[in-house]
Amino acid sequence: MVIATLQREKCIGCNYCVEFAPEYFRMSKKDGKSVLLKTIDKKGFYTLKTPDHEAFEYLERAANACPVKIISVRIT
């Protein structure tokens, strides 16, 4: 299981996550911040759980590109 988490409130809207993983991220037209798609929100932490292990590579690239380091990715 691949688990990705986004701390959306700290997003600066740089768009790198969308460039590296467009299947999983979008930029909000409302506030210009990143949105991690198909997530569960728990106190400002948006979490995506997927059994697709190929997603890890894309999500990890997005996490590494994030200048404010608000994306975390792990495999369980």
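The values are calculated or read from the model by the stated rules, or taken from the named source; none is laboratory data. As the structure is a computational prediction, the values presented were derived from the model and not from experiment. Cβ coordinates were reconstructed from backbone atoms using ideal geometry, including for glycine residues, and neighbour counts include every protein chain displayed. All accessible areas refer to the heavy atoms of the entire protein, side chains included, with ligands and DNA or RNA removed. Shrake-Rupley method; radii C 1.70, N 1.55, O 1.52, S 1.80 Å.
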Only Cα pairs under 8 Å and at least 6 apart count here; give the relative contact order of the chain as a rounded whole percent. 47
Rounded to the nearest 500 deg cm²/dmol, what is the calculated helix-only ellipticity per residue at 222 nm for the chain, with -39500 (n - 2.57) per DSSP H run of length n ≥ 4? -5500 deg cm²/dmol
With DSSP loop assignment and no more than 13 other C-beta atoms within 10 Å, the trypsin sites (Lys or Arg not before Pro) in the chain are K29, K30, K38, K43, K69
Largest first, what is the accessible-area ranking of M1, M27 with a 1.4 Å probe? M1, M27
Carbon and sulfur together cover what percent of the accessible area of the chain at a 1.4 Å probe radius? 52
Helix 55-65: inclination vs the chain longest Cα principal axis, degrees, rounded to 10, gives 40
State in Å² the accessible area per residue of the chain; use a 1.4 Å probe, count heavy atoms of protein chains only, and round to the nearest integer. 66
Which distance in nm do the two modelled labels at K33 and N15 give, with both placed 7 Å along the Cα-to-Cβ direction? 1.9
Per the rule of 0.36 nm per residue minus the C-alpha distance, extending N64 to K42 adds in nm 5.6 nm
Out of V35, F25, A62 - ranked by how far each Cα lies towards the positive end of the dipole of the chain, with unit charges on the beta-carbon of charged residues - the top one is V35
Given [x] -0.74, -0.85, -0.99; [y] -0.84, -0.87, -1.02; [z] -0.47, -0.60, -0.92 as candidate values of log10 I(q)/I(0) by the Debye sum over Cα atoms at q = 0.16, 0.18, 0.22 Å⁻¹, which corresponds to the one derived from the coordinates? [z]
